[in-house]
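Below is one structure, written out as structure tokens; the observations come after it.
The values are calculated or read from the model by the stated rules, or taken from the named source; none is laboratory data. For clarity, every value in this text was computed on a predicted model and none was experimentally measured. Here the Cβ positions follow ideal geometry from the backbone for every residue, glycine too, while neighbour counts run over all protein chains shown.
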Amino acid sequence: MFKSWFGRKPPPRPERRLALAAGSSLPRPPAGPSLPITYKGPALILTSEIEDITPEALKDAVHRRIPDIDLDSPTPIDPSKLAQHPTVLGSYPESIRASRSGRTPLLCGVRYTPEVFLEDMAQRSFVTSCWWWPETREVVALTKAHALTIMLGAVERTPPKERVLVELQLAAAALDILKTATAVVWPDANAMWKPDDFRRDLEQAKGEIPVTLTVAVKIGEDTEHLRPNGKPTWFAMTEGLNAFGIMEVEWRAFDSDVSNLAPWLLGIAQYLLTNGPIVGHGDSMGSSGSDTMPPVFVRHEPSTTVLGTQAYVVYPQSSN
């Protein structure tokens with residue numbers, strides 16, 4: 001990932017840019033537009049075989065991943081059903097911590113279901129738009145069972161980063177014991193990931209939000225902006241920032257090496273996740289690093305892909 005800086009216009013202030021890049025305590029820019037936090041449903045872990053697992057194994061895996069969860073509180077699940085659908089449920093935060101912070105705990109957990117309904121799954125966008133994993137349809141076709149994360153309660157009133165990190169660990173706990181897991185579907189990003197990549201990126205984030213798991217970059221041809229030879233340029237957009245109450249990012253009429261689009265947009269997404277929606281309409285942006293992004297500026301404009309919403313739209317700065 002690259003380090004980014006933002007400057008205010010007009011004119012850009014070099015000291016402001018450097019301060020943001022270094023994480024200085026100088027006054028931050030004002031917050032930009034905030035959106036209602038969205039939650040598109042539980043993570044889905046696919047397996048290629050029906051496995052024999054127990055609620056106790058799930059409980060141990062979840063507790064290793066989330067020591068602060070209270071797995072001993074009463075749950076509304078009928079114990080007679082646990083053998084057929086191994087389930088672990090707990091309260092997060094645990095009751096004492098929740099009481100001190102004035103919060104209502106979420107009911108969190110994992111449920112393994114030794115069956116799966118594949119109707120239309122291969123046609124879902126999280127399968128068809130994963131350009132980084134061409135074999136997604138074959139993976140879905142091999143699915144025989146699945147696990148689901150559970151996140152019930154005042155999800156919209158829970159700090160989004162905290163909720164997302166808990167759910168990421170719940171999904172990872174399922175991966176820890178499901179030996180034939182083939183994919184993790186993350187609905188907030190409308191994407192699916194390989195299990196080894198999921199666990200690796202979560203570990204490398206070291207307790208921070210792993211942008212590579214929570215935000216997906218979707219890329220396609222931009223037929224509204226053509227090159228001089230008549231061929232389309234490129235278009236890219238993020239999916240996943242809305243889960244944090246942040247506008248998605250779009251880059252239109254991209255006419256350079258398309259392999260740069262995903263890392264550059266993920267760099268912008270990482271900046272927003274780290275600093276919040278502080279990017280104003282018309283703010284400038286640059287980068288430093290081995291894969292240097294050219295100078296750009298960002299506008300708040302209607303999205304061209306999700307009607308009725310606003311997006312951070314990236315434009316190249318003039319070389320003049």
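How many residues are out of contact with any strand residue (DSSP E or B) (no Cβ under 7 Å at 6 or more places or on another chain), over 19 Å from PRO263 (Cβ atoms) and part of a loop (DSSP other than H, G, I, E, B) when one looks only at the stretch 169-213?
3
Can you work out which of the residues in the stretch 284-303 that are at pLDDT 85 or above and within 29 Å of SER125 (Cα to Cα) is surrounded by the most Cβ atoms within 10 Å (Cβ to Cβ)?
VAL298
Say we look at the stretch 239-283 and pick out the residues that are of a type in the set (A, V, I, L, M, F, W, C) and over 27 Å from SER125 (Cα atoms); which of these is surrounded by the fewest Cβ atoms within 10 Å (Cβ to Cβ)?
ILE278
Would you say LYS179 is crowded, with 19+ Cβ neighbours inside 10 Å and touching a residue at least 40 places away in the same chain (Cβ under 8 Å)?
no
Please indicate, with yes or no, whether at least one residue in the stretch 82-105 is modelled with pLDDT under 90, of a type in the set (Gly, Ala, Ser) and in contact with a Gly (Cβ under 6 Å, 6 or more places away or on another chain).
no
Say we look at the stretch 306-320 and pick out the residues that are modelled with pLDDT under 85 and surrounded by 14 or more Cβ atoms within 10 Å (Cβ to Cβ); which of these is farthest from VAL217 (Cα to Cα)?
PRO316
Does ILE268 meet the test of being within 28 Å of ARG163 (Cβ to Cβ), in a helix (DSSP H, G or I) and within 22 Å of the chain's Cα centre (by Cα)?
In short, yes.
Restricting the search to the stretch 128-150, which residues are of a type in the set (Val, Ile, Thr) and in a strand (DSSP E or B)?
THR149, ILE150
Residues are listed down the side, and each one gets a yes or a no for (1) outside the structural domain of GLU167 (by TED's automatic domain parsing); (2) over 21 Å from the mean Cα position of the chain (by Cα); (3) over 15 Å from PRO42 (Cβ atoms):
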{"site": "PRO86", "(1), (2), (3)": "no, yes, yes"}
{"site": "SER95", "(1), (2), (3)": "no, yes, yes"}
{"site": "GLY109", "(1), (2), (3)": "no, no, no"}
{"site": "PRO114", "(1), (2), (3)": "no, yes, yes"}
{"site": "SER129", "(1), (2), (3)": "no, no, yes"}
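Considering each residue of the stretch 216-225, count those that are more than 18 Å from ASP257 (Cβ to Cβ) and surrounded by 13 or more Cβ atoms within 10 Å (Cβ to Cβ), and give that number.
Counting residues in the stretch 216-225 that are more than 18 Å from ASP257 (Cβ to Cβ) and surrounded by 13 or more Cβ atoms within 10 Å (Cβ to Cβ) gives 1.
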